[in-house]
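Trainee: Pasting in a structure now, in structure tokens, and then I'll have a few things to ask.
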Amino acid sequence: MKLKSTLIIMLLLIITNQSAMADSWTGADKGKHITVTAAISTAVTGYARNQGCSKVESFFWGFGAALVVGAIKEEADKHNDSSDSSSKDFAADALGGAAGALISAQFAWKF
């Protein structure tokens, strides 16, 4: 249990730090990428847990959903002249997705 608590606290610190220092990693939108994908993965993971999936299965459902949304967004940015597609944006999507899914998988959700 201590390991899980420590991992959750570390992920929250990373997210907080990343959001606060978003400009230092080439763009002010990294915090938005992290926040949106964390919200998506939290919702999907919670839904999967509510449907009876294990922690591991629900983590992968949530994380996968966040990565799919991030990949679609970055692909759309490639075709939009006003936006730049970035592997760093996708890395921020992966970080947010992993954090949201990891934290959400720890709870037994009841809707």
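The values are calculated or read from the model by the stated rules, or taken from the named source; none is laboratory data. Remember, it's a predicted structure, so these values are computed and weren't measured experimentally. Note that each Cβ is placed from the backbone with ideal geometry, even for glycine, and that neighbours are counted across all protein chains shown.
Trainee: If the Cβ limit is 6 Å and pairs must be 6+ apart or interchain, which residue in the range 53-77 that is closer than 17 Å to K32 by Cα pairs with which residue that is aromatic (F, W, Y) and at pLDDT below 90?
Mentor: Between residues of the range 53-77 that are closer than 17 Å to K32 by Cα and residues that are aromatic (F, W, Y) and at pLDDT below 90, the close pairs are G70/F90; E74/F90.
Trainee: Still on this structure, please answer the following. If you check D77, D89, D81, D93, which single one turns out to be charged (D, E, K, R), at pLDDT 90 or above and either surrounded by 14 or more Cβ atoms within 10 Å (Cβ to Cβ) or part of a loop (DSSP other than H, G, I, E, B) (or both)?
Mentor: Exactly one of D77, D89, D81, D93 is charged (D, E, K, R), at pLDDT 90 or above and either surrounded by 14 or more Cβ atoms within 10 Å (Cβ to Cβ) or part of a loop (DSSP other than H, G, I, E, B) (or both), namely D93.
Trainee: Pairs, please: C-beta under 8 Å, at least 6 apart or cross-chain, first residue over 12 Å from I103 (Cβ atoms) and without any contact (Cβ under 8 Å) to a residue 60 or more places away in the chain and in the range 39-51, second among the charged types (D, E, K, R) and surrounded by fewer than 17 Cβ atoms within 10 Å (Cβ to Cβ)?
Mentor: From the range 39-51, the pairs are A48/E57.
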